[in-house]
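Worksheet: the structure to be examined is printed underneath.
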Amino acid sequence: MQKTFDCHQKTYFEVEDQFENWLLVHQDQRPLHVITGRSDKMKSLVMKEIKKHEFQISEWHYNPGLIIVL
């Protein structure tokens, strides 16, 4: 089953508070899907944690609101 973290309906604070833990808990179940939507700030918050833990990503050009953690 694909693991997905959906940032929709979450505040920036909630994403800052929850995403890193979710990422680490599910890191052995990659690829992980992160739905950020079009918010540049939301993407930035998510990418900060992904880079912090040195994970690779794939961004789909046809869906810029989706980040796949490899």
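Among the residues making up the stretch 21-61, those that are of a type outside the set (D, E, K, R) and in a strand (DSSP E or B) are LEU32, HIS33, VAL34, ILE35, ILE57, SER58, TRP60. Residue pairs whose Cβ atoms lie under 7 Å apart, sitting 6 or more positions apart in sequence or on different chains, and linking a residue in the stretch 9-33 that is modelled with pLDDT of 95 or more to a partner that is open to solvent by 80 Å² or more (accessible area, probe 1.4 Å), are TYR12/LYS41; ARG30/LEU70; PRO31/LEU70; HIS33/GLN2.
Apart from one condition, PHE5 fits all of (1) in a helix (DSSP H, G or I); (2) in contact with a helix residue (DSSP H, G or I) (Cβ under 9 Å, 6 or more places away or on another chain); the exception is (1).
Among the residues here, VAL69 qualifies as aliphatic (A, V, I, L, M), surrounded by 14 or more Cβ atoms within 10 Å (Cβ to Cβ) and on the phi < 0 side of the Ramachandran plot.
For the stretch 24-70, name all the residues that are farther than 20 Å from HIS8 by Cα, in contact with a strand residue (DSSP E or B) (Cβ under 6 Å, 6 or more places away or on another chain) and of a type in the set (S, T, N, Q). Selection gives GLN29 alone. Every test in (1) open to solvent by less than 60 Å² (accessible area, probe 1.4 Å); (2) out of contact with any Phe, Trp or Tyr (no Cβ under 8 Å at 6 or more places or on another chain); (3) of a type in the set (Phe, Trp, Tyr) is passed by TRP22 save one, and that test is (2). Out of LYS3, LYS52, LYS43, one residue alone is touching a residue at least 12 places away in the same chain (Cβ under 8 Å) and touching a Lys or Arg at 6+ places or on another chain (Cβ under 9 Å). It is LYS3. Residues that are loosely packed, with under 15 Cβ neighbours inside 10 Å and not hydroxyl-bearing (Ser, Thr, Tyr) were ranked within the stretch 38-51; the one that is modelled with the lowest pLDDT is ARG38.
The values are calculated or read from the model by the stated rules, or taken from the named source; none is laboratory data. Keep in mind that this is a model prediction, so the values were computed, not measured. We place every Cβ from the backbone using ideal geometry, glycine too, and count neighbours over all the protein chains shown. Only protein heavy atoms, including side chains, enter the accessible area calculation; ligands, DNA and RNA are left aside. Shrake-Rupley method; radii C 1.70, N 1.55, O 1.52, S 1.80 Å.
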